[in-house]
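Structure, as structure tokens:
The values are calculated or read from the model by the stated rules, or taken from the named source; none is laboratory data. Bear in mind that the values here come from a model prediction, so they are computed numbers and not experimental data. Every residue, glycine as well, gets a Cβ built from its backbone with ideal geometry; the counts of neighbours run over all protein chains shown.
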Amino acid sequence: MNALFYAFFNAVETGLRGFPVPCRTGLVTIGSPDRDAPVFLTCNYHLTVLRVKRALQGMNCYLLVANSKGYNVWCGAAGGHFTNHSVVSALNTSGIQDLVDHRRVVLPQLAATGVEGREIKKRTGWTALWGPVYARDIPPYTANAFSKTREMRKVRFPVGQRLEMAVMWAFPFSIIASLLTLLVWPDFLLPVNLILWSVPLLTFLTFPLYSHWLNPQAKRVKKFSSYTVIFDFGKIPLVLWILFLAGLLVFGVLIDHASWEFMLRWGFASLLVILIISIDLMGSTPLYKSGLHEDRMLKVRLDVEKCKGAGFCEQVCPRDCYEVDHRQHTARIPRADLCVQCGACIVQCPFDALQFVSPGGDILTPETIRKHKLNLIGKRLVSV
Ligand code: SF4
Ligand code: SF4
């Protein structure tokens with residue numbers, strides 16, 4: 001692929017990451033694959049396909065692009081767009097069965113929240129292998145007999161990715177806000193754009209400095225989290241904005257300047273600020289959803305009696321919470337405080353040895369989680 005073409009689409013689509021950008025589904029042949037060639041599968045988000053194809057350059061393999069309605073792997077899987085059905089349909093309709101002799105398909109690890117390996121096996125006969133988190137690790141993973149190192153399993157949030165998230169927020173917002181500002185308050189165009197770019201940039205680039213405070217398992221934020229969960233965090237910015245407008249009106253009257261124009265302009269400017277700070281910026285990925293949500297209070301519990309040490313949990317956990325002793329056939333969760341409640345380990349465990357437990361002691365069993373799709377973001381309510 002032309003480097004210039006790649007750089008152009010990479011830049012434009014990074015700015016539009018907040019929106020689904022679908023591309024064609026189906027089978028892509030990379031190099032000259034033979035009947036033993038590996039089969040990889042990914043979602044039909046254009047930027048992902050672009051990056052995966054680039055990572056596979058030089059290999060001889062097949063790439064299946066499955067329908068995720070244009071969402072990326074993690075958001076698609078966690079949001080119910082990249083599902084068992086997407087994978088089954090890609091395997092059954094692409095003609096891949098006639099091209100290879102084996103029945104192994106490498107799925108992206110982050111799809112494990114919404115795609116169940118055992119369902120894929122049951123419905124297609126194909127064995128799902130959980131590949132690395134990042135596409136760039138596919139070649140070494142393949143060369144290593146489809147075995148992941150610990151580093152290949154972990155989701156990190158390096159500065160490059162944080163920068164991408166900031167651009168993803170700032171770019172569409174600044175376009176919409178610029179158009180509105182030109183209509184209402186043209187002189188304010190530059191300050192509006194400065195605000196809309198600097199808030200996300202500052203928020204994401206300084207993330208390591210305050211990320212600990214967003215961890216609901218940390219003692220010092222537990223109390224605050226409980227309070228905001230009850231209050232519903234989404235309403236706090238709205239209340240703040242109403243209070244600001246009331247204060248603005250009083251201020252306007254005091255300085256004898258409370259005109260419609262005055263109220264409209266400062267009301268608009270403050271609304272922009274409120275909107276941007278009220279967005280759960282950390283919710284850009286399921287992993288970094290802030291601690292101020294009910295489902296972030298759930299804990300994963302391991303039933304040691306049921307655990308057979310199969311290690312699926314370790315293979316799919318993006319936070320490296322697990323340690324599996326493959327000789328003793330046991331698992332532990334020594335880094336449970338890093339859990340981001342993605343639910344992947346629970347839905348993939350073949351022995352149903354894992355469950356969520358709420359702070360009040362309510363138990364969400366794997367059956368309940370599967371039945372009500374509680375592994376999907378936004379549906380994981382303790383009260384179900
Ligand atoms: S918890 Fe489940 S997936 Fe993890 S090692 Fe035990 S049996 Fe295997
Ligand atoms: S331990 Fe937590 S972060 Fe890891 S897979 Fe399970 S739910 Fe996800």
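Annotations
- Residue satisfying all of: in segment 327-372; assigned to a strand (DSSP E or B) and more than 13 Å from ligand 1 (Cβ to nearest atom); surrounded by the fewest Cβ atoms within 10 Å (Cβ to Cβ) among these: Ile363
- Search result, residues across segment 304-357 that are of a type in the set (A, V, I, L, M) and touching a helix residue (DSSP H, G or I) at 6+ places or on another chain (Cβ under 7 Å): Val316, Val324, Ala331, Ala344, Ile346, Val347, Leu354
- Annotation: of all residues in segment 305-338 being under 16 Å from Arg153 (Cβ atoms) and modelled with pLDDT under 90, the one that is nearest to ligand 2 (Cβ to nearest atom) is Leu338.
- Residue, nearest to ligand 1 (Cβ to nearest atom), within segment 305-326, restricted to residues that are in contact (Cβ under 8 Å) with a residue 40 or more places away in the chain and among the aliphatic types (A, V, I, L, M): Ala310
- Test for Ile346: is it under 14 Å from Arg118 (Cβ atoms) and near ligand 2 (Cβ under 10 Å from one of its atoms): yes
- Residue within segment 29-48 that is assigned to a loop (DSSP other than H, G, I, E, B), surrounded by fewer than 16 Cβ atoms within 10 Å (Cβ to Cβ) and touching a Cys at 6+ places or on another chain (Cβ under 9 Å) present: yes
- Subset of segment 250-299 (residues that are more than 16 Å from ligand 2 (Cβ to nearest atom), charged (D, E, K, R) and modelled with pLDDT under 75): Asp280
- Pairs, first farther than 17 Å from Glu13 by Cβ in segment 170-186, second surrounded by 13 or more Cβ atoms within 10 Å (Cβ to Cβ) and among the charged types (D, E, K, R), C-beta under 6 Å, six or more apart: Trp185/Arg265
- Spans of helices (runs of 4 or more DSSP H) in segment 69-140 with at least 3 residues aliphatic (A, V, I, L, M): 73-78, 84-93
- For Lys308: the one exception among (1) buried (at least 19 other Cβ atoms within 10 Å of the Cβ); (2) touching a His at 6+ places or on another chain (Cβ under 8 Å): (1)
- Every listed requirement among (1) farther than 22 Å from Gly311 by Cα; (2) touching a Ser or Thr at 6+ places or on another chain (Cβ under 8 Å) is met by Arg136 save one, (2).
- Within segment 75-86, residues that are in contact (Cβ under 8 Å) with a residue 60 or more places away in the chain have Cβ atoms under 7 Å from residues that are among the β-branched types (Val, Ile, Thr) and crowded, with 24+ Cβ neighbours inside 10 Å in these pairs: Ala78/Thr113, counting only partners at least 6 apart in sequence or on another chain.
- Restricting segment 293-304 to residues that are within 17 Å of Thr365 (Cβ to Cβ) and under 26 Å from the mean Cα position of the chain (by Cα), the residue that is farthest from ligand 1 (Cβ to nearest atom): Asp295
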